[in-house]
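The values are calculated or read from the model by the stated rules, or taken from the named source; none is laboratory data. The structure presented is a predicted model; accordingly, all values stated were derived computationally and were not measured. Quick reminder, even Gly has a Cβ in these numbers, built from the backbone with ideal geometry, and neighbours come from all protein chains shown.
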Amino acid sequence: MTGAQLACAGPVSAVSRTLRKALQDAVASHPGIHLAPSALLAGFSTGLGLILANGAQNAFVLRQGIRRERVVAGGGECLLLTWANPHVYLDTMVLLGSISTQYAPDQGWFGAGAVVASVSFFAALGYGARVLAPAFASSQAWVGLEIVVGLTMWGIAAALALG
């Protein structure tokens, strides 16, 4: 997992643990309740934490959405290119697979949550970007976005190096 992914996954994992604990407490007091919703929510939050760290893909989908160009195709391209990235195998098979074992026998629900997070995030980013189109009408806005993304990445790198 990359440093940016670790930095984003930490807070999301903390929220996921808190929600899982609350659901487990509720289940303990009501034995007839099954933990599948907890696994689904944990898969969603963990998957979302990993997706948020993929800055280049997110910027591409945002740009496509703002320009109203090939939003579905652009999101699909990102998903296809993801499979050519060796980190996807580390993230999905090793990281998500390992975490999902905590939700036995509901690992499938955990995986479904991660898939829903991916699809819903890219759809929301691509189609939600249309709202931002007026703000990004100038090239200065794009430069500003690139500076913010760059500073964020450097900030994460510095935090990991110094922390």
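Data table
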read-out	value
Meets criteria (out of contact with any helix residue (DSSP H, G or I) (no Cβ under 7 Å at 6 or more places or on another chain), among the aliphatic types (A, V, I, L, M) and under 25 Å from ALA42 (Cβ atoms)) for VAL94	yes
Matching option when the condition is part of a loop (DSSP other than H, G, I, E, B) and either at pLDDT 75 or above or farther than 20 Å from PHE121 by Cα (or both), among GLY47, GLY32, GLY43	GLY32
Selection status of GLY97, surrounded by 11 or more Cβ atoms within 10 Å (Cβ to Cβ), within 18 Å of the chain's Cα centre (by Cα) and small (Gly, Ala, Ser)	yes
Residue check, TYR103 touching a helix residue (DSSP H, G or I) at 6+ places or on another chain (Cβ under 7 Å), more than 22 Å from ASP91 (Cβ to Cβ) and not basic (Lys, Arg)	no
Residues that are loosely packed, with under 15 Cβ neighbours inside 10 Å and touching a residue at least 12 places away in the same chain (Cβ under 8 Å), drawn from the range 116-141	GLY128, ARG130, LEU132, ALA133
Those residues of the range 97-114 which are farther than 15 Å from SER38 by Cα and of a type outside the set (Ser, Thr, Tyr), in sequence order	GLY97
